[in-house]
Amino acid sequence: MDGADCACILCDQPAPVVFAFMQDGLKLGQWALGCWNTVEAQPGLYRGTSIIDQQETWVRIEAVPSLRVISYHVGATSDALHPRIMANVIPGETLGHPAGSSVLSLFAWRDASMDDDRWQQLRECHRVELRVIRNLLRTQA
């Protein structure tokens, strides 16, 4: 079973900057193709629209600063959220990259209802989203 995926990118911003960006629910609406133009529907609960199929997506973000991990609880309705996407930010120097850089990883877990085409689409979107994030970080820094 192809049940999980990970995509990574090197960012030229320090880990605290990348982590803050990734846990911001309004910024999520600038890079997440499946949750574009987010609005905060309730404190900590965001709603956006998929630019791929125009479906509404709900997200609750759970950040653990000590681990630099962000869990995105995602669903089609606000009461059906599941932790299917996770981001991790590692200081670049930890992995031999320049000081002040960081490695951003996006992890996805395949829902049993996803057919092969939908799963491949999600995997491809994450690779594009990482490039969008890196470019947004460069221009918003």
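Looking at segment 59-88, which of the residues that are among the basic types (K, R) and out of contact with any Asp or Glu (no Cβ under 7 Å at 6 or more places or on another chain) is nearest to M22 (Cα to Cα)? Ranking the qualifying residues of segment 59-88, first place goes to R68.
Search segment 84-118 for residues being outside any strand (DSSP E or B), of a type outside the set (A, V, I, L, M) and under 19 Å from the mean Cα position of the chain (by Cα), and hand back the single one that is nearest to C35 (Cα to Cα). Among those residues, the one meeting the criterion is R118. Quick check: anything in segment 62-72 crowded, with 17+ Cβ neighbours inside 10 Å and over 12 Å from the mean Cα position of the chain (by Cα)? So far as segment 62-72 goes, yes, one or more of its residues are crowded, with 17+ Cβ neighbours inside 10 Å and over 12 Å from the mean Cα position of the chain (by Cα). Going residue by residue through segment 89-102, is there one that turns out to be β-branched (V, I, T) and within 13 Å of F19 (Cα to Cα)? Yes, because at least one residue in segment 89-102 is β-branched (V, I, T) and within 13 Å of F19 (Cα to Cα).
Only the coordinates and a few stated rules stand behind these numbers; no lab work does. Remember, predicted model here, so these are calculated numbers, not experimental data. Virtual Cβ from ideal backbone geometry, glycine too; neighbours counted across all protein chains shown.
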